[in-house]
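K.L.:
Below is a structure I'd like to ask you about.
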Amino acid sequence: MHDLIDQYMAELAGYLSSLDPEERQDVLEFYREYLLDAKLYSQSQIETELGTAKQLAHKILADYSLTPAVVQEQQSQDQEAQRHFSQSQTRQSHRDLRTVWWIILGLCAVPVAFPFLAVLCGVLLFLVLMVVAFVILVVTLFGTGIFLGLKTVTFLGTSYWAVGCFYVGLSLICIAGALLLLPLGIKLLRFLASSAAQAARWVGNKVFRNRYYHGGNRK
C-alpha cells in the first residue's frame, strides 16, 4: 500500500538533489508523514493533492529560495566577500540566477501563478535586452576601433600622415572605451542578476509564501 508513496518520495528526492542533504531529508520526511496521515495511497490521490513529484519539487525549491535560512546564508557569504570580493560576487550572481530559475520552475507548476509568471518574464526580458544592448555597444566600439586602425594606419607613411594620426587616435579611443566598459559590464551583469533575483523573490512571495514546505512546517 505504501509502495506508491515510497516511489513518489524517491522521485521527489531525485528532483531535490540541489538541496542540502539535511534539508532534503527534512522535506522528504515531512511529505511522507503528510501522505501517510492523509491516507493518500493512490497515485491519483497524491497528484491531486500535491501534483507530480516534479511539480512539487519545483514548488519546494521556489519556496526554499525565499526562506530566511537562505537569506541568512547569503548575508553571511556577503560578509565573507569582504575578504574574497570578486570570487564571492561571482558566487552571489550564480545564487541569484539559480533563485530565478527555481522560482520560474515553481511558477510553471502552479497554473494560478501564470499572471505572475508573465510579469516576471517581462522583467527578465527587459533585463536581457539591457545586456544585449550593452554587448552591442562594446562590440561596436571595439570593432570600429579595429576597423579604423587597420584602414588608416597606412596613411602615417604618406603625405596624409596628419589624417592618419587623427584616425589612428580615434581608433585607439574606441578600443580603450570598449576595454573600459568591460569592468562596467561585469558590474552590470551582477546588478541585473541581483535585480532579477529580487523581482523573482517578490513574485515568489506572492505565490509560494506559506503554501508549501517552509522551514519544516506546512502552512
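The values are calculated or read from the model by the stated rules, or taken from the named source; none is laboratory data. Remember, it's a predicted structure, so these values are computed and weren't measured experimentally. Methodologically, a virtual Cβ is constructed for each residue, glycine included, from the backbone with ideal geometry; neighbour enumeration extends over all protein chains shown. Accessible surface areas use protein heavy atoms only, side chains included; no ligands, DNA or RNA. Shrake-Rupley method; radii C 1.70, N 1.55, O 1.52, S 1.80 Å.
K.L.:
Which one is most open to solvent (accessible area, probe 1.4 Å) among residues in the stretch 15-48 that are without any contact (Cβ under 8 Å) to a residue 12 or more places away in the chain, closer than 23 Å to Cys108 by Cα and part of a helix (DSSP H, G or I)?
P.N.:
Ranking the candidates gives Thr48 first.
K.L.:
While we're looking at this one, here's another question. Give the number of residues within the stretch 1-14 that are within 22 Å of Leu105 (Cβ to Cβ) and either in contact with a Phe, Trp or Tyr (Cβ under 9 Å, 6 or more places away or on another chain) or modelled with pLDDT under 85 (or both).
P.N.:
Total satisfying the criteria: 3.
K.L.:
Inside the stretch 108-134, can you point out the residues that are touching a His at 6+ places or on another chain (Cβ under 8 Å) and either in a helix (DSSP H, G or I) or without any contact (Cβ under 8 Å) to a residue 24 or more places away in the chain (or both)?
P.N.:
The answer is Cys108, and nothing else.
K.L.:
Any residue in the stretch 194-209 that is farther than 23 Å from Gly145 by Cα and outside any helix (DSSP H, G or I)?
P.N.:
yes
K.L.:
Name the residue that is surrounded by the fewest Cβ atoms within 10 Å (Cβ to Cβ), counting only residues in the stretch 180-219 that are modelled with pLDDT under 70 and among the aromatic types (Phe, Trp, Tyr).
P.N.:
My answer is Tyr212.
K.L.:
Say we look at the stretch 136-167 and pick out the residues that are at pLDDT below 85, of a type in the set (Val, Ile, Thr) and assigned to a helix (DSSP H, G or I); which of these is surrounded by the most Cβ atoms within 10 Å (Cβ to Cβ)?
P.N.:
Top of the filtered list is Thr152.
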